[in-house]
Amino acid sequence: NQGQVEIDSLATSFNGMLERLEVSFEAEKEAKEQMRRFAADASHELRTPLTSIHGFLEVLLRGAYNQPEQLLKALKSMHGESVRINKLVEDLLMLARLDRTPSFQKAEGALDEMLREMEPQLRMLAGDRKITIELEPQTLCMYDSDKIKQVVLNLFHNAVQHTHPMTGEITLKLAKLENQVEIAVHDNGPGIAPEHLGRLFDRFFRVDTSRARKSGGAGLGLSITQSIVELHGGTINVDSELGAGSTFRVLLPRS
Ligand code: ADP
């Protein structure tokens, strides 16, 4: 009868509401947990170089400042640590800006021309490594040129970090696909094990913490890169095999 039908429909919508509440409660819990993890990771990354600077200062204050050799060594190390802190704070600020509604200055332009302009800078970064650059002409796209430059620099910088200074080979390619443009950075470095590939773009993720530590990275470069690419409506992926090098591909919508 009519009353029963109404009760059933009320019960159904009540259940639906409860389910939605549960889902949003879970999402909020997950977001809070992510924030907590982010703050813990960021503090840990800052604490490491600060502890090191603190240690050097203590040694100097205990008298080592009288010995020029020890003084110079400590100053150099502290300088290195401060560079690391600076880079970390810049990366954190960049992530914070990307998380809020970012103000991108997108304009239509030829990506090949932008990459061509970057060539001297890329060659300088690469030192004696062999660089090949293949750019398809008139590859038009809507992009924020500072941000896409940063994407290319991040990927290129990683390729340089992971290749031999003399025998390293890095290829930068730009190609037009049907609806997209592809920027690919390939290196002949050690490659990345399959079990790490899934977490590569996570914040603070590093494959080899001790090795990466020397290069000063906090594992934020690729997550910044991915955010920039996604805010352009694009995607980034990686192809890599241990011993066979890595290829990072950025796909952006073609205009
Ligand atoms: P970082 O800013 O510390 O370099 P990234 O987010 O750029 O961190 O990279 C995360 C990790 O991915 C690095 O610690 C490194 O282990 C690995 N990785 C990135 N690029 C390459 C590459 N071209 N070859 C091998 N490993 C790489």
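Anisotropy class assigned to region 135-255 is prolate, per the alpha carbon gyration tensor with a/c at or over the 1.5 cut-off and a/b larger than b/c. Rounded to the nearest 20, the size of the Cβ-charge dipole of the chain about its Cα centre is 1140 debye, with Lys and Arg at +1 and Asp and Glu at -1.
With contributions of -39500 (n - 2.57) from each DSSP H run of at least four residues, the per-residue ellipticity at 222 nm computed over the chain stands at -20000 deg cm²/dmol. Looking at the square roots a ≥ b ≥ c of the eigenvalues of the Cα gyration tensor of region 1-153, which shape do they give, rounded for a/c under 1.5, prolate if a/b is larger than b/c, or oblate? Oblate, since a/c reaches 1.5 and b/c is not below a/b.
Using Cβ point charges alone (K and R +1, D and E -1), the dipole size of region 78-199 about the Cα centre works out to roughly 280 debye. Cross-link reach is defined here as a Cα-Cα straight distance under 17 Å, omitting same-chain residues fewer than 8 places apart; for K32 the aspartates and glutamates meeting it are E22, D41, D99, D202. Taking a ≥ b ≥ c as the square roots of the eigenvalues of the alpha-carbon gyration tensor, the chain is classed oblate because a/c is 1.5 or more while a/b is no larger than b/c.
Taking each of K87/K147; K147/K176; K130/K173; K73/K149 in turn, the alpha-carbon distance tops 26 angstrom for K73/K149. Counting only aspartates and glutamates at least 8 places from K29 when in the same chain, those with an alpha carbon closer than 17 Å to its own are E19. Ordering of 153-163, 240-250, 86-96 by packing is 153-163, 240-250, 86-96, highest average first (other Cβ atoms within 10 Å, averaged per residue).
Here region 1-122 is treated with +1 on each Lys and Arg Cβ and -1 on each Asp and Glu Cβ, and its dipole about the Cα centre works out to around 840 debye. Across the alpha-carbon set of region 17-84, the Rg to Rh ratio works out to 1.45, Rh being the Kirkwood radius. Secondary structure note: in region 110-255, about 80% of the DSSP beta bridges are antiparallel. Across the options V151, A107, I53, the greatest Cα extent toward the positive end of the charge dipole of region 1-159 (unit charges at beta carbon of Lys, Arg, Asp, Glu) belongs to I53. Based on Cα atoms of region 1-50, Rg over Rh with Rh as the Kirkwood radius reads 1.53. Only beta bridges with both residues in the chain are counted; by DSSP, about 80 percent of them are antiparallel. With contacts taken as Cα pairs under 8 Å at a separation of at least 6 residues, the chain carries a relative contact order of 16 percent.
Readers should treat all values here as calculations from the given coordinates under stated rules, not as data from a laboratory. Values in this document were obtained by computation on a predicted structure and should not be read as measured data. Methodologically, a virtual Cβ is constructed for each residue, glycine included, from the backbone with ideal geometry; neighbour enumeration extends over all protein chains shown.
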